[in-house]
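Here, each number is a calculation from the coordinates, and none is a lab measurement. Keep in mind that what you see is a predicted model, and the values were worked out from it rather than measured. Here the Cβ positions follow ideal geometry from the backbone for every residue, glycine too, while neighbour counts run over all protein chains shown.
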Amino acid sequence: MSRYSQPQHDYDQLVDLYYAKLYRFAYSLTNSQADASDLTQQAFCIWLEKGHQLREPGKEKTWLFTTLYREFLRNKRKISVLASDEDITEGATEELDIQEPLCIAPSKAIAAISNLNEFYRTPLILFYMHEHSYQEIADIIGVPIGTVKSRISRGKVMLCKIIESDLTDFDESLEQVGAK
């Protein structure tokens, strides 16, 4: 591995620190163990090739998440055209009057979030599950910080509508709130 500019032990430490987090993020994007493993490994392979170009020491985590997300998008573009951010349903930005926290089954929460449009699902997962800041999320997905805040806000509204929905046809309720 002499062609790489960093020692092997630094790479091993990076894998130990971030592999599980990157894998969980990749799985939340793909809903597939195989695809999540591939994406995670691809992010680390790219690190081996280009990690030495990192301008700011200490930003390895953000760099890896950004790289993984870009690889996910690149792979997705090969399969289909990304949905437009303008496909927001009119009522999706309404404020909900929630006075007490909801107690929901984890399986219903996971089903709801996995059915959100990627534009809303990714920032929500990065913020709540991986505890990234708004700025880190903006850097990872390549959008302005205001867009991140907006997507998180709209995504939360959509999630609440899905979860609170008492409709018997779950797919119909997803369509009503702008999920896929």
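Here the calculated FRET efficiency for L17 and A109, from their Cβ-Cβ distance with R0 = 35 Å, stands at 0.80, rounded to the nearest 0.05.
Modelled spin-label separation between I46 and R77, with each label point placed 7 Å from Cα along the Cα-to-Cβ direction: 1.1 nm.
Extending 7 Å from Cα along the Cβ direction at D38 and again at R70 yields two label points whose distance is 2.0 nm. When Rg and the Kirkwood radius Rh are both evaluated on Cα atoms of region 104-160, their ratio Rg/Rh stands at 0.97.
With 23 Å as the limit, the listed pairs K21/K59; K76/K161; K61/K161; K59/K149; K61/K156 have K76/K161; K61/K161; K61/K156 beyond it between alpha carbons.
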